[in-house]
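> The following block contains the structure, expressed as structure tokens.
The values are calculated or read from the model by the stated rules, or taken from the named source; none is laboratory data. Quick caveat, the model's predicted, so the values are computed rather than measured. Note that each Cβ is placed from the backbone with ideal geometry, even for glycine, and that neighbours are counted across all protein chains shown.
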Amino acid sequence: MSTLIILLAAQPRLADPSAAGHGAPAEFDYVLSIDGQRVTDRGRAPASALPRAALVVVVLRPGDVAFQRVAVPKAPAARMRAALVGVMEEALLEDEDEVHLALAPDAKPGGEHWVAVVNKPWLRAQLDALEAGDVPLDRAVPSWWPDEGVAGHTYREGGPDDPARLAWRDDAGVLCVPLQSPVARALLTGLAEDTVVRWTATPDTALDASEFVGMPVATVTDEEQALRAARAGWNLLQFDLAPQRRGVKLARDLAMRFAFDPAWRVTRRGLLALVVVSLLGLNVRALQESHRVAQKKAALTAAVKEAFPAVRTIYDPAGQAQQQIDVLRAAAGRPGDGDIETLLQAAESAWPEGKSPIENLKFEPGRLTLPATGWTPQEIERFTTQLRAANVEVRSDTGKLQLSHRQPSAGASRK
């Protein structure tokens, strides 16, 4: 999965307690990894110009996250932070509104687990700056956290002139101190002789670390350490700092992951193949249907030519066949459905009782008009209903009734 890692600059140790002391930088250091395992690109850019990736992770410097091991209270999720503050109240050095708490990945109510502690105004300022740059954050992680075994890592928080610092972890937790401090020396001299320590150092502090330890130390860049942190299970975005993504923003993030994440490559190819096959299948089906319709039309044309040799040009087989049938019927003296005799017989069969015979009528080809003066609406409705059963359409208009043969529907004509 493509991963964008944003390396936050170290929090000023003597920051102004005002809001200005917790401001965010104009640019952020970043690491881009196509597969989440190796560094693909690195750089520095404003929040709005950061690269896009399926997963976006913020990494905090070792000295910006403290850890305390506490008995996690049995409280509902909505009240967990307040319960944690109650448990840790005596151990917190700042007001509860000034600190942000986050549980370890495996934390369960009722057990003892690590709780991360971060300066909340400072972290909120960094997150707000990234959100203002339209950077959809997924996680925030510490670059150094409690883990099994004893380990030490040397690094610099700022430029090359800053003194080297030691990030230390053991069963007692995590500690970050200057490398050349008495505390760092005490950590080393206080170890049992058989203690195995995993030592790492950034390239610019490797010499200092080797002199401190008394042997060569493996080098790990800040970018590589950030990748390791991104793969760990920690996520500091909990409680009121948890990302709230809904609607369009969530859909956009999912769309970007589907479009660019290598983990979805096989799915994208399969979907593309499915679309291509579906389009080919629709085209083949359309050609088959077109060929079938053409065959039926040719068969009907041939039948009309065979039945009516006098018709030389066939452009409407069904209509021209009906015309020829009407001509033959008229020549034989048989009335058609729209002739006056047929319509008069239909009117006579449904004529209301008590109504006098008609004195006048009007006939146009296919249409018979009869007077209906004095008819009640019930009589007209009954007359219309009976003739509809005989396939005769009746229209009532200001004391007149117009009768015409009702043409069958297209579906009926094909049966």
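> Spot the failing condition for Ala116; the list is (1) at pLDDT 90 or above; (2) outside any helix (DSSP H, G or I); (3) surrounded by fewer than 18 Cβ atoms within 10 Å (Cβ to Cβ); (4) touching a Pro at 6+ places or on another chain (Cβ under 9 Å), and only one is missed.
Here Ala116 clears every test but (3).
> Can you pull out the residues in the range 79-102 that are more than 19 Å from Ala172 (Cβ to Cβ) and either small (Gly, Ala, Ser) or within 33 Å of the chain's Cα centre (by Cα) (or both)? Show your work before the answer.
Keep residues of the range 79-102 that are more than 19 Å from Ala172 (Cβ to Cβ), which gives 79-86, 89, 94-102.
If the condition is that a residue be more than 19 Å from Ala172 (Cβ to Cβ) and either small (Gly, Ala, Ser) or within 33 Å of the chain's Cα centre (by Cα) (or both), then Arg79, Met80, Arg81, Ala82, Ala83, Gly86, His100, Leu101, Ala102 are the ones that fit.
> What is the number of the single condition among (1) in contact with a Phe, Trp or Tyr (Cβ under 9 Å, 6 or more places away or on another chain); (2) within 24 Å of Gln37 (Cα to Cα) that Glu223 does not meet?
Of everything listed in (1) in contact with a Phe, Trp or Tyr (Cβ under 9 Å, 6 or more places away or on another chain); (2) within 24 Å of Gln37 (Cα to Cα), Glu223 misses just condition (1).
> Anything in the range 206-241 that is on the phi > 0 side of the Ramachandran plot and without any contact (Cβ under 8 Å) to a residue 60 or more places away in the chain? List them, or say none. Before the answer, list the steps.
Initial filter on the range 206-241 (on the phi > 0 side of the Ramachandran plot): 214, 239.
Within the range 206-241, Gly214 is the sole residue that qualifies.
> Hey, Val304 hits all of (1) more than 30 Å from Trp144 (Cβ to Cβ); (2) modelled with pLDDT under 90; (3) loosely packed, with under 15 Cβ neighbours inside 10 Å but one; which does it fall short on?
Of the numbered conditions (1) more than 30 Å from Trp144 (Cβ to Cβ); (2) modelled with pLDDT under 90; (3) loosely packed, with under 15 Cβ neighbours inside 10 Å, the odd one out for Val304 is (3).
> Still on this structure, please answer the following. Given the criteria out of contact with any His (no Cβ under 9 Å at 6 or more places or on another chain), assigned by TED's automatic domain parsing to the domain that holds Arg395, more than 17 Å from Gly399 (Cβ to Cβ) and surrounded by 14 or more Cβ atoms within 10 Å (Cβ to Cβ), does Leu368 qualify?
Details: out of contact with any His (no Cβ under 9 Å at 6 or more places or on another chain): yes; assigned by TED's automatic domain parsing to the domain that holds Arg395: yes; more than 17 Å from Gly399 (Cβ to Cβ): no; surrounded by 14 or more Cβ atoms within 10 Å (Cβ to Cβ): yes.
Criteria not met by Leu368.
> Residue check, Pro335 against (1) in a helix (DSSP H, G or I); (2) closer than 30 Å to Gln402 by Cα, all met but one. Which one?
(1)
> Being more than 29 Å from Phe28 (Cα to Cα), in contact (Cβ under 8 Å) with a residue 24 or more places away in the chain and β-branched (Val, Ile, Thr) is the filter here, so list the residues in the range 146-195 that pass it.
Selection gives Val150, Thr195.
> Give the residue, chosen from Pro352, Pro357, that is in contact with a helix residue (DSSP H, G or I) (Cβ under 6 Å, 6 or more places away or on another chain) and either without any contact (Cβ under 8 Å) to a residue 60 or more places away in the chain or in a loop (DSSP other than H, G, I, E, B) (or both).
Values: Pro357 fails: in contact with a helix residue (DSSP H, G or I) (Cβ under 6 Å, 6 or more places away or on another chain).
Being in contact with a helix residue (DSSP H, G or I) (Cβ under 6 Å, 6 or more places away or on another chain) and either without any contact (Cβ under 8 Å) to a residue 60 or more places away in the chain or in a loop (DSSP other than H, G, I, E, B) (or both) holds for just one of Pro352, Pro357, which is Pro352.
> Quick one: which of Pro142, Pro105, Pro121, Pro136 is touching a residue at least 40 places away in the same chain (Cβ under 8 Å), assigned by TED's automatic domain parsing to the domain that holds Val59 and in contact with an Asp or Glu (Cβ under 6 Å, 6 or more places away or on another chain)?
Details: Pro142 fails: in contact with an Asp or Glu (Cβ under 6 Å, 6 or more places away or on another chain); Pro105 fails: in contact with an Asp or Glu (Cβ under 6 Å, 6 or more places away or on another chain); Pro121 fails: in contact with an Asp or Glu (Cβ under 6 Å, 6 or more places away or on another chain).
Only one candidate qualifies: Pro136.
> While we're on this one: Look at the range 57-83 and say how many of its residues are out of contact with any Pro (no Cβ under 6 Å at 6 or more places or on another chain), touching a residue at least 40 places away in the same chain (Cβ under 8 Å) and hydrophobic (A, V, I, L, M, F, W, C).
7
> Take the range 369-406 and flag every residue that is under 13 Å from Ala350 (Cα atoms) and either touching a Cys at 6+ places or on another chain (Cβ under 9 Å) or touching a residue at least 60 places away in the same chain (Cβ under 8 Å) (or both).
Once the filter is applied, which keeps residues that are under 13 Å from Ala350 (Cα atoms) and either touching a Cys at 6+ places or on another chain (Cβ under 9 Å) or touching a residue at least 60 places away in the same chain (Cβ under 8 Å) (or both), the range 369-406 yields only Leu403.
> Scan the range 218-235 and tell me whether some residue there is polar (S, T, N, Q), farther than 22 Å from Ala66 by Cβ and either in contact with a helix residue (DSSP H, G or I) (Cβ under 6 Å, 6 or more places away or on another chain) or surrounded by 12 or more Cβ atoms within 10 Å (Cβ to Cβ) (or both).
Within the range 218-235, the first condition is being polar (S, T, N, Q), and the residues that meet it are 219, 221, 225, 235.
Checking which are farther than 22 Å from Ala66 by Cβ leaves us with 219, 221.
Checking the rest, the ones that are also either in contact with a helix residue (DSSP H, G or I) (Cβ under 6 Å, 6 or more places away or on another chain) or surrounded by 12 or more Cβ atoms within 10 Å (Cβ to Cβ) (or both) come to 219, 221.
Checked the range 218-235: at least one residue is polar (S, T, N, Q), farther than 22 Å from Ala66 by Cβ and either in contact with a helix residue (DSSP H, G or I) (Cβ under 6 Å, 6 or more places away or on another chain) or surrounded by 12 or more Cβ atoms within 10 Å (Cβ to Cβ) (or both).
This table checks each residue for (1) in the same structural domain as Glu379 (by TED's automatic domain parsing); (2) surrounded by 12 or more Cβ atoms within 10 Å (Cβ to Cβ); (3) among the hydroxyl-bearing types (Ser, Thr, Tyr); (4) under 60 Å from the mean Cα position of the chain (by Cα).
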residue	(1), (2), (3), (4)
His291	no, no, no, yes
Ala299	no, no, no, yes
Tyr315	no, no, yes, yes
Ile358	yes, yes, no, no
